[in-house]
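J.: One structure, pasted below without further comment.
Readers should treat all values here as calculations from the given coordinates under stated rules, not as data from a laboratory. Fair warning: this is a prediction, and the values are worked out from it, not measured in the lab. Every residue, glycine as well, gets a Cβ built from its backbone with ideal geometry; the counts of neighbours run over all protein chains shown.
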Amino acid sequence: MRPVLVLVEGAERDGGASAAGGADGAVRASAFRLLTLARRLGDPVAVVCHPVAAYGVDALARFGAARICVAEPADPDGKDTAAQSAVALEALTELAWQMDASAVLVPSGRLGREVAARLAVRLGGGIVTGAVDVRPGPDGPVAVQEVCGGTYRVESAVRGGTPVIAVDTGAGEAEPDPVDPVVERMFVSVAESSRRVRRLARRPKADRRPGVAGASVVVAGGRGVGSAEGFTLIEKVADALGGAVGGTHTAADRGWCPQDALIGQTGAVVHPRLYLACGISGSVHHRAGMHHAATIVAIDTDPDAPIFRIADVGVVGDLHDVLPALLAAIARQRAAERGGPTP
Amino acid sequence: MKLVVLVKHVPDEIVDRPSSAAVFAADMTVDRAQLTGRLSEADEYAVEQAMRIARRRLDVQITAVTMGPPEAIRTLTRALALGADEGVHIVDEALHGSDAQATSRVLAAALARCGFDLVICGVASTDSGMSVVPAMVAERLGVPSVCEADGVWADPGWADGDVIVARREDGDHVEDFAVPMPAVVSVTDRVGEPRYPAFQAIVEARQKTVRTWSLANLRIPADEVGLAASASPVRRVAPHAARRPALLVDGEPDAAAARLARHLTEHQLI
């Protein structure tokens, strides 16, 4: 079988090496889903563009990465994210040519899409982004995309010598298939055009909490929150999830939340990955601002509220009971993930 | 300084949502004849960003470029009303059904022909939303790119020549990049709300120059673009039943919250 290249993104554990924008040797979970899909198409080859620790290699091997290529810039002045995508691009181009890869799979994030775009131009084949599923077809891989807000599924053959597919890795499960990996190192020289991008500064966000527009997680409150004091609970949940605080027309009108946090027809229209609607019945006005969210979670006391008809997960209950319990559950899970004592 | 904004004529979601049953034509492309088109919302931010740069410099000319069917002239007119000085409309029957490769090739050829210092694009079109054309165009032109920037400045008087500064949010950090021109940037909806054009601007937009180019003008063979040459041909389009609601949790707050937290973790949402 021909090899299939998988781009592995580095993960940052709590604060570790984040000042340099790098990683501390861990790999992001997106790689596991990519490896699972790559196994269907051929022999997976993991391409890592950051220093990877032994446990990162083990994790990749657990999901079937028989070959792991660790790429580094030949001139060691590229340690920022701009350079990381440039290194990934050069490494994938080089390996795709050398190994005559049958496909390249990348995670469908910003870095992945940028790499995919430039790589596809160099390789001259097909490109698809946001694929929720990939499987082999008669003339190259078949990628499945969701369009029109998930109401249609489009299946496309991705043709060309080495097609490039950016996969929405959250849409499916990863399945383990342990192997003994071979780890190789390679040095790449970065193209002139990407070397010209210089990073001036990297600093922590002044306002810890992001604004609703463009936030990947939005926690919103409505009439059910009941008071301005009640909104501190919404804020706590937003902080725990690293999200923005939003509000309905009612909440903004009564001054429970700022006007620029208003989500709806006359306010912000948001497209977050996760939308947590707390005490929101789901008026047409509000739905117009949030129904594009990838995942909608609704918490409301009224089981007949219209919000439940568009929610992925509905919790019937009082948010004043459910949210504190949710905060505790999240804290428990995070503690367990870190391997610390469970409170 | 020559600013070029790449704009796209997309189906108007608000107008067409009720009749979405007839979205796809027999050749499995989006049936644009059935739909009302408009300037992609994300591209309005790109035009606005170009205007903000133009306001701080004296030497700016803004060109709006679109590739699309004859109706796409409406999108160009809108971009002109929002502030672009002139328009370029690439229209050719052979372009129907072009994939990202062909689109980027045509746009790169058009950019090479009209010349540019800075190309500004919206982050993603509201119809296909692949978000790859800006970087693909940059690769073809051999220029640097910053994709999905949350802020862009191109003030004159930088010590090291003509540089644009792009700001991008990366998780809980903010990063600033300096890119020498010529360059390509794509901007998110955080760069600043587009203005609503004054009536005067809408009227004047009709008087501005719009050049119409065909594939022959760009010296691209017609058989290398379009549906037949697509490297990602669509095989099947099927309506997909909405999954919602997938899960309804009821019961004690503690148990419900734990179930919810588990679901969110399983789906990698937190």
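J.: Run the helix sum for chain A: -39,500 (n - 2.57) per DSSP H stretch of 4+ residues, divided by residue count, reported at 222 nm to the nearest 500 deg cm²/dmol.
T.: Theoretical 222 nm ellipticity from helices: -9000 deg cm²/dmol.
J.: Here is a further query. With runs of 4+ DSSP H residues as the only contributors, calculate the mean residue ellipticity of chain B at 222 nm using -39,500 (n - 2.57) per run, divided by the residue total and rounded to the nearest 500.
T.: The per-residue figure over chain B is -8500 deg cm²/dmol.
J.: So, one more: Indicate, rounded to the nearest 5 percent, the antiparallel portion of the DSSP beta bridges found entirely in the protein assembly as shown.
T.: Values: 38 of 115 bridges.
Around 35 percent of the beta bridges assigned by DSSP in the protein assembly as shown are antiparallel ones.
J.: Still on this model: Putting +1 on Lys and Arg Cβ atoms and -1 on Asp and Glu Cβ atoms, find which of A:Ala294, A:Pro176, A:Ala166 reaches farthest to the positive end of the dipole of the protein assembly as shown.
T.: Going by the Cα projections, it comes out as A:Ala166.
J.: Please say if the range B:137-232 is rounded, prolate or oblate, where rounded means a/c under 1.5 for a ≥ b ≥ c the square roots of the C-alpha gyration tensor eigenvalues, and otherwise the choice is prolate for a/b larger than b/c and oblate otherwise? Spell out each step's value before the answer.
T.: Values: a/c = 1.83, a/b = 1.26, b/c = 1.45.
It is oblate, given that a/c is not under 1.5 and a/b is not larger than b/c.
J.: May I ask for the angle, rounded to the nearest 10°, between helix B:41-55 and the longest principal axis of chain B, with both axes built from Cα atoms and the value confined to 0 to 90°?
T.: Taking Cα atoms only, the helix is inclined about 40 degrees.
J.: If you don't mind, another one. Considering every residue in B:139-150, what mean count of other chain Cβ atoms within 10 Å of its Cβ is obtained? Mind showing how you got there, number by number?
T.: On the way: counts 11, 3, 1, 3, 3, 10, 6, 3, 6, 5, 0, 1.
Counting Cβ atoms of other protein chains within 10 Å of each residue's Cβ and averaging gives 4.
J.: Take every Cα-Cα distance within the range B:2-229, group them into 5 Å bins from 0 onward, and report for each bin the whole-number percent of pairs it holds.
T.: Per 5 Å bin, starting at 0, the Cα pair percentages come out as 1, 7, 15, 19, 20, 17, 11, 7, 3, 1, 0, 0.
J.: Shape of the protein assembly as shown from its Cα gyration tensor (a ≥ b ≥ c, root eigenvalues): rounded if a/c is under 1.5, otherwise prolate when a/b > b/c, or oblate? Mind dumping the intermediate values first?
T.: Numbers: a/c = 1.44, a/b = 1.13, b/c = 1.27.
In terms of gyration-tensor shape, rounded.
J.: Using the charge dipole of the protein assembly as shown (Lys, Arg: +1 at Cβ; Asp, Glu: -1 at Cβ; taken about the Cα centre), state which of B:Pro182, A:Ala201, A:Met1 has its Cα farthest towards the positive end.
T.: B:Pro182
J.: How crowded by other chains is B:96-104, given as the mean number of beta carbons from other chains within 10 Å of each beta carbon? Show your work: numbers first, answer last.
T.: On the way: counts 0, 0, 0, 7, 9, 7, 0, 0, 4.
For this peptide, the per-residue mean of nearby foreign Cβ atoms is 3.
J.: Return the single residue from A:Thr250, A:Thr93, A:Thr36 with maximal mean-square fluctuation; model: Gaussian network over chain A, springs between Cα atoms under 10 Å.
T.: A:Thr250
J.: By how many degrees, between 0 and 90 and to the nearest 10, does the Cα long axis of helix B:100-114 differ from the longest principal axis of chain B?
T.: Rounded to the nearest ten degrees, it is 30.
J.: Within 10 Å of each Cβ of A:106-118, how many other protein chain Cβ atoms are there on average? All intermediate terms of the calculation are to be shown ahead of the outcome.
T.: Details: counts 0, 0, 2, 1, 7, 2, 0, 8, 12, 1, 6, 14, 7.
Mean inter-chain Cβ contacts per residue within 10 Å come to 5.
J.: When Lys and Arg each count +1 and Asp and Glu each count -1, what net charge do the other residues less than 9 Å away from B:Ala109, Cβ to Cβ, add up to?
T.: +4
J.: Then there is this: Counting only pairs 8 or more residues apart or on different chains, how many lysine pairs in the protein assembly as shown have their Cα atoms under 30 Å apart?
T.: 4
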